[in-house]
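First up is the structure itself, then whatever we jot down about it.
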Amino acid sequence: MTPAATSVTPAIRVAPAMPVRPVSEGRLLRITVPAHPSRAAGVRSMLAEHLAQTRLPSEHLDNAVLAVDELFVNAVEHGSPDRGDMITVIAECTEHELRVAVADRSPTLPCLRTADDAEESGRGLAIVAALTDDWGTAPPDPGTPGKKVWFTLTLRGMP
């Protein structure tokens, strides 16, 4: 997926070989970054900065940032099999809802599972489910491979 972005958030230094392309149009944010664990902090920061401008209550902002981190990490680990893959994060805030989607190249759908106490991973989707009002999967954008994993937060009393 290649968004029509032309600007880079100045607070984040990006090497030319590892582009970050955010586009912000009002309450819409679209970020495309390399599928690498080192990009998680930048994705969290850009989402938090964008959502702070929408005056979300701090609980919603914290939940959204943690949930997007879980989905991004899953996309890196399970949805980006090839070196050079990109992951796109789309956040849209309307009057009543925040919807965030993370798109990767793998068509394999995630599944919610219960990790036992000894496992070091396997709780990401359970965390997303606990922090958000709804989550699920969607087909990729037309002409692109993969899937989108999304979550929503219902916004009550937004200005």
Quick test for you: out of Ala118, Ala91, Ala103, pick the one residue that is at pLDDT below 95 and among the small types (Gly, Ala, Ser).
Ala118
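Take residues that are open to solvent by less than 20 Å² (accessible area, probe 1.4 Å) and within 23 Å of Leu155 (Cβ to Cβ) and tell me which of the strands (runs of 3 or more DSSP E) falling wholly in region 24-117 contain 3 or more.
Values: elements: 28-34, 86-93, 97-104.
The qualifying strands (runs of 3 or more DSSP E) are 86-93, 97-104.
The values are calculated or read from the model by the stated rules, or taken from the named source; none is laboratory data. All values reported here derive from a predicted model rather than from experimental measurement. Virtual Cβ from ideal backbone geometry, glycine too; neighbours counted across all protein chains shown. Each accessible area value is taken on the protein alone, full model and side chains, heavy atoms only, with ligands, DNA and RNA left out. Shrake-Rupley method; radii C 1.70, N 1.55, O 1.52, S 1.80 Å.
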